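Here the structure comes first, spelled out in structure tokens, and everything after it is commentary.
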Amino acid sequence: MAEYGYNNANELLDIAAKHDISLSRAVLLYESETSGRSSELLETEMKRRLAIMRHAVDEGRRTQEKSKSGLTGGDAHRLANAVEDRSLPLQYDFARIIEYALAASETNALLGRIVAAPTAGSCGILPAVLLAESERLKLSPERQIEALFVAAGIGRVIALGATLAGAEGGCAAECGAASAMAAAALASLYGLDNRAQVDAAALALKNSLGLVCDPVGGYVEVPCIKRNAIFAAVALSATTMSAAGVVSVIPFDEVVIALRQVGRAIIPALKEQSEGGLATTETACRLCPNR
Amino acid sequence: MPTGVFDIIGPIMIGPSSSHTAGACRLGRLFRSLCGGTPEKVRFALHGSFARTGSGHGTDLALIAGILGLREDDPRVRDARQLAESEGLAVEFARIDLGEDAHPNSVEITTETHRMIGSSIGGGRAEISTIDRYQVQIDGSLPTVFLIWRDSPGVLAKVAAELASAGSNIATVRLSRKEKHGEAGATIELDGLPPTGIVERLEKIPEVKEVKIIEALDD
């Protein structure tokens, strides 16, 4: 096996401890080893993806365009207005995260350019947490890129131990995974140690098990877009706890195994087939009669 | 599934769906490569989930965009229908039932001279399963040579020898045939770009009927 090879979180933590490096660095070095590309090249590519995430958020915040299905559109803009207004008793730093999550997801629904992280349906979660918090804490692009490598490592562990496809594992595999990736990335941004980063991911992932994938009309819009906002908040909750020293009772790797098991137990109708749940409600049927 | 850093933080794509948009675009690109460029007329027959979600996922736009040579992160994917018109590409859509075993996100793409069945298998990845009547497994991760030849002892060896003498290293080989001593379809993935002039050289082999290069999808 490669020197920095890891197939689960425990192995990743061990590799990082053995070399006395951050999780981010361990993930980066393994990628360099297996791809043959230099660290610099990899960081440059990651920076490009960060820029596209930024652009997806910026596009989504500005537009009021409705999606082709007519189901969604303009909600990120509403949040942007509310945050700018300051007339409501909201927690504005939090509202910014919500705004960004909606923004990237709406860009996705409008056939805009996004970075799947890990999927297109969950593409709002990681960027929202990363970008909003980096702005608030005035963190450099380098710190954000570092955080993205941690996110990639967490995503890889979930992919290997379970799945990143909603059709196989339900929405926990997509929004849950994205939330776990975002939680670990945020923990890295906060300067928390390697264990705390993994614990943050565990706390987030745990609280998505059993989530169904029942998109209205089969479109990646309802509940997907707003779910991205909700799961950005899940990541924030998880990392806030982890930062204070709260530990996940069930270790991350075992949560991943649970995800695989629970995902398999969900009936196919509730896994990206729009044949149950929200997709078959009265309103859904009225709005999407052809499904 | 691929779990490299840029498989997880990626692909960069036009939304809304990795499987129904990005994967569809890549299928279009693979077919375009098989055809050797933009055809004049193309027909897409959608199966399963691809058919049901119809235009809401931009699958139609993505397929057309791929045939036109657009990458899956090109913002012009949205304008694929207009682009097709201005480039003189006639497009037809239909539904097809490819059977229970077919992947839910599958499509049969046909022109007057070519036929392909492919699937969008998740995470934006695409895979061709049939070319004309032959079973194949082409995902565009490596440059691929597709050949049809008259099945008889030694043809594969001749083809391999030709590739070797041109300095090309073979990564994978897959053969499929309808019956013994009939016609066989072969897919050969290469480690690097196909050598210049290799198509002509392979076509010179008497048993070889057809040679096509399918380019790798990523640089």
Evaluate segment A:93-106: report whether one residue or more is basic (Lys, Arg), open to solvent by 10 Å² or more (accessible area, probe 1.4 Å) and touching a strand residue (DSSP E or B) at 6+ places or on another chain (Cβ under 9 Å). no
Residues in segment B:107-118: is at least one under 21 Å from B:Leu70 (Cβ atoms), in a loop (DSSP other than H, G, I, E, B), open to solvent by 70 Å² or more (accessible area, probe 1.4 Å) and out of contact with any Cys (no Cβ under 9 Å at 6 or more places or on another chain)? no
Which condition number in (1) part of a helix (DSSP H, G or I); (2) at positive phi is the one that B:Gly140 fails? (1)
Looking at this structure, is A:Val246 buried (at least 20 other Cβ atoms within 10 Å of the Cβ), touching a residue at least 12 places away in the same chain (Cβ under 8 Å), part of a loop (DSSP other than H, G, I, E, B) and β-branched (Val, Ile, Thr)? no
Looking only at residues in segment A:112-155 that are without any contact (Cβ under 8 Å) to a residue 40 or more places away in the chain and facing another protein chain (nearest Cβ under 7 Å), which one is surrounded by the most Cβ atoms within 10 Å (Cβ to Cβ)? A:Ala151
Residue count, segment A:252-271, condition touching a residue at least 60 places away in the same chain (Cβ under 8 Å) and either more than 24 Å from the chain's Cα centre (by Cα) or open to solvent by less than 70 Å² (accessible area, probe 1.4 Å) (or both), comes to 9
When you go through A:Ser134, A:Ser87 one by one, which is the residue that is in a loop (DSSP other than H, G, I, E, B) and among the small types (Gly, Ala, Ser)? A:Ser87
Take the conditions surrounded by fewer than 20 Cβ atoms within 10 Å (Cβ to Cβ), within 19 Å of the chain's Cα centre (by Cα) and either at pLDDT 95 or above or not hydroxyl-bearing (Ser, Thr, Tyr) (or both) and apply them to B:Asp219. Does it pass? yes
Identify the residue in segment A:272-283 that is within 20 Å of B:His103 (Cβ to Cβ) and either under 23 Å from the mean Cα position of the chain (by Cα) or not charged (D, E, K, R) (or both) and, among all such residues, is surrounded by the fewest Cβ atoms within 10 Å (Cβ to Cβ). A:Gln273
Filtered residues of segment B:86-106 (kept if touching a strand residue (DSSP E or B) at 6+ places or on another chain (Cβ under 8 Å) and open to solvent by 20 Å² or more (accessible area, probe 1.4 Å)): B:Ala90, B:Val91, B:Glu92, B:Phe93, B:Ala94, B:Arg95, B:Ile96, B:Asp97, B:Leu98, B:Ala102, B:His103, B:Pro104
For segment B:54-80, the count of residues that are in a loop (DSSP other than H, G, I, E, B) and facing chain A (nearest Cβ under 10 Å) equals 4
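Let's see how each residue does on (1) within 11 Å of another protein chain (Cβ to nearest Cβ); (2) under 21 Å from the mean Cα position of the chain (by Cα); (3) within 30 Å of A:Cys285 (Cα to Cα):
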residue: A:Lys47; (1), (2), (3): no, yes, no
residue: A:Ala51; (1), (2), (3): yes, yes, no
residue: A:Ala56; (1), (2), (3): yes, yes, no
residue: A:Arg78; (1), (2), (3): no, no, yes
residue: A:Ala82; (1), (2), (3): no, no, no
Looking at the structure I just gave you, is A:Leu71 at the interface with another protein chain (Cβ under 10 Å from one of its Cβ atoms) and at pLDDT 95 or above? yes
Given the criterion at pLDDT 95 or above, in a loop (DSSP other than H, G, I, E, B) and of a type in the set (Lys, Arg), identify the matching residue among A:Lys66, A:Lys47. A:Lys66
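The values are calculated or read from the model by the stated rules, or taken from the named source; none is laboratory data. Computed from a predicted structure; not experimentally measured. Neighbour counts run over all protein chains shown; Cβ positions are idealised from the backbone, glycine included. The area values use the complete protein model at the heavy-atom level, side chains included, leaving out ligands, DNA and RNA. Shrake-Rupley method; radii C 1.70, N 1.55, O 1.52, S 1.80 Å.
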